[in-house]
2 protein chains.
Amino acid sequence: MQKKSQILLNKINIFAYMIRIAIIGGGNIAHHLIRAFLPVPQVEIVELYARKPEQLSEFNTLPIAHSLNEMKAVDVAIVAVSDDAISIVSQQLNNARLVVHTSGSADLQSLENSQRKGVFYLLQSFSKAKEVDFSDVPFCLEAPNPDDFALLKTLAECIGSKIYAINSEQRRYLHVAAVFVNNFTNHLYKIGYDICNRYAVPFEVLHPLIGETAAKIQNLAPESAQTGPAKRNDEKTIQKHLNLLTQEQQEIYQLLTDSIRNGKKL
Amino acid sequence: MQKKSQILLNKINIFAYMIRIAIIGGGNIAHHLIRAFLPVPQVEIVELYARKPEQLSEFNTLPIAHSLNEMKAVDVAIVAVSDDAISIVSQQLNNARLVVHTSGSADLQSLENSQRKGVFYLLQSFSKAKEVDFSDVPFCLEAPNPDDFALLKTLAECIGSKIYAINSEQRRYLHVAAVFVNNFTNHLYKIGYDICNRYAVPFEVLHPLIGETAAKIQNLAPESAQTGPAKRNDEKTIQKHLNLLTQEQQEIYQLLTDSIRNGKKL
């Protein structure tokens with residue numbers, strides 16, 4: 001436990017001084033973070049690095065490092081690279097007081113720098129072209145050291161507002177949950193799209209239903225929001241539906257219907 | 001084919017006269033339709049009917065019929081009852097020029113009135129308590145007779161703006177597509193919720209991702225919007241994820257992952 005005076009002192013330090021950061025990576029997350037931190041007066045982007053420097057051409061007014069192990073001293077180095085590269089990249093970052101990665105699926109321990117470690121995971125689906133509204137992006141932060149956590153929180157608050165403490169175990173599960181509600185949900189949209197397409201129904205007919213389904217669970221637990229033939233055990237409609245589907249679609253229909261029914265029994 | 005003068009005449013008739021309607025049913029759809037048509041000057045709600053009249057207590061200033069086969073003459077009787085009741089209800093409606101049902105899964109032929117038939121299907125998920133914005137609800141209309149179709153279109157335009165001609169075959173497929181993008185998607189949300197809940201992660205962390213996933217396909221075909229371990233054939237992450245799940249969740253994860261991968265091969 002820290003003494004109260006010590007905590008206060010840390011807070012004062014954090015607000016009184018510029019937070020000096022480096023951002024490593026040339027992908028979507030790196031780009032969006034650089035763009036977001038650039039206009040923030042409390043944050044100084046000391047240096048950038050990407051394995052392929054041309055990926056950073058958009059930011060040619062900022063200092064670009066030529067090698068990882070010669071990077072300047074910073075408070076936080078944000079490693080926004082692919083999971084497989086986190087280990088090798090972090091090993092070379094000797095001038096950062098705190099090194100954080102941005103991955104949903106990599107543990108804290110995948111960082112192999114000699115200094116302190118943390119995670120700065122943004123749970124949102126990014127594409128390079130589309131502007132990100134960071135006020136709506138959950139920041140999932142982890143740092144074993146409370147001062148480091150406070151620093152990451154201050155950094156996150158400079159660009160966002162939804163900030164959560166999520167440890168490595170929670171993040172593992174959060175990441176697989178995200179696959180269900182994002183990748184798999186999108187695949188169900190694709191099946192809906194394929195069905196519509198085959199029978200000359202414009203997919204846009206389903207857009208409002210898709211929007212409403214997503215909007216509903218902002219206020220209602222998904223189980224309470226459930227409707228449809230599986231929920232009400234309407235075997236006649238289920239059989240009618242199965243007869244309309246391809247074999248692959250049938251398997252998915254049957255498994256999800258069974259799963260909804262199982263849920264009812266619990 | 002109708003002559004142009006005839007079509008024009010129909011249009012004039014439709015706009016010059018009040019459309020007289022009856023609404024049959026005491027459930028969600030009947031309630032929302034009654035509320036929507038009530039303030040429309042071009043539409044007169046001549047009578048209502050529900051098997052349990054107390055379901056219509058909210059509308060006690062409107063005429064409530066006591067028996068189906070004594071209902072007054074109307075242009076359109078809207079049968080908003082459960083699929084199983086459409087046949088028996090429609091048989092008794094002898095005073096309606098056009099009888100339509102509101103079901104996504106029942107064929108036109110499930111109507112057994114002696115006069116003309118049609119479908120007035122609203123593709124949205126309704127709950128009694130929540131106000132419906134009809135301007136965002138797709139109206140899926142069907143009527144073999146072109147005059148009837150024009151009448152239904154005029155009626156729909158009184159309360160909505162997204163109007164589609166969808167025949168019985170298309171509606172069958174649209175209905176099963178809706179199960180995928182609504183009921184099954186909601187079930188994936190439930191799995192995400194269960195996973196979060198078990199590891200003390202607030203489900204709201206996933207809300208923005210759920211919103212973004214739904215928003216993305218308003219402008220992008222779902223296949224182009226797909227990301228994640230299945231799409232990029234990231235076997236290592238897939239195995240890590242499978243190890244975190246219950247048996248039932250594993251089956252769903254595996255099947256949807258295989259299906260996303262199959263899609264890639266096409």
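What the table shows:
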quantity	calculated
Count - residues of region A:169-187 that are more than 18 Å from B:A200 (Cα to Cα) and either surrounded by fewer than 24 Cβ atoms within 10 Å (Cβ to Cβ) or in contact (Cβ under 8 Å) with a residue 12 or more places away in the chain (or both)	2
Qualifying residue in region B:136-146 (condition: in contact with a Ser or Thr (Cβ under 9 Å, 6 or more places away or on another chain), part of a strand (DSSP E or B) and of a type in the set (D, E, K, R))	yes
Which numbered condition B:V201 misses (of (1) at pLDDT 95 or above; (2) under 24 Å from the mean Cα position of the chain (by Cα))	(2)
Unique residue being hydrophobic (A, V, I, L, M, F, W, C) and either more than 27 Å from B:A129 (Cβ to Cβ) or modelled with pLDDT of 95 or more (or both) when the list is A:A225, A:A230	A:A230
Residues satisfying the stated conditions in region A:188-211, i.e. charged (D, E, K, R) and surrounded by fewer than 21 Cβ atoms within 10 Å (Cβ to Cβ)	A:D194, A:R198, A:E204
Residue within region B:231-242 that is in a helix (DSSP H, G or I), within 7 Å of chain A (Cβ to nearest Cβ) and under 21 Å from B:S125 (Cβ atoms) present	no
Subset tally (residues that are within 14 Å of chain A (Cβ to nearest Cβ) and either surrounded by fewer than 18 Cβ atoms within 10 Å (Cβ to Cβ) or out of contact with any Cys (no Cβ under 8 Å at 6 or more places or on another chain) (or both)) for region B:110-142	20
Flag for A:V179 being within 24 Å of A:T246 (Cβ to Cβ) and within 18 Å of the chain's Cα centre (by Cα)	yes
Matching residues in region B:174-230 - criterion: being more than 7 Å from chain A (Cβ to nearest Cβ) and of a type in the set (F, W, Y)	B:F203
Of all residues in region B:243-260 being β-branched (V, I, T) and more than 7 Å from chain A (Cβ to nearest Cβ), the one that is surrounded by the most Cβ atoms within 10 Å (Cβ to Cβ)	B:T257
Near pairs, Cβ below 6 angstrom, 6+ apart or cross-chain, from region A:203-226 (closer than 16 Å to B:L174 by Cβ) to any residue that is charged (D, E, K, R) and at pLDDT below 95	A:P208/B:D136
B:F126 vs. criteria assigned by TED's automatic domain parsing to the domain that holds B:A80, touching a helix residue (DSSP H, G or I) at 6+ places or on another chain (Cβ under 6 Å) and at pLDDT below 95	yes
Residue that is surrounded by the fewest Cβ atoms within 10 Å (Cβ to Cβ), among those in region B:75-107 that are in contact (Cβ under 8 Å) with a residue 60 or more places away in the chain and within 21 Å of A:K240 (Cβ to Cβ)	B:D107
Residue that is surrounded by the fewest Cβ atoms within 10 Å (Cβ to Cβ) [pool: residues in region B:26-74 that are charged (D, E, K, R) and under 16 Å from B:S127 (Cα atoms)]	B:E58
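The values are calculated or read from the model by the stated rules, or taken from the named source; none is laboratory data. As the structure is a prediction and not an experimental result, all values here were calculated from the model. Cβ: placed from backbone, ideal geometry, glycine included. Neighbour counts: every protein chain shown.
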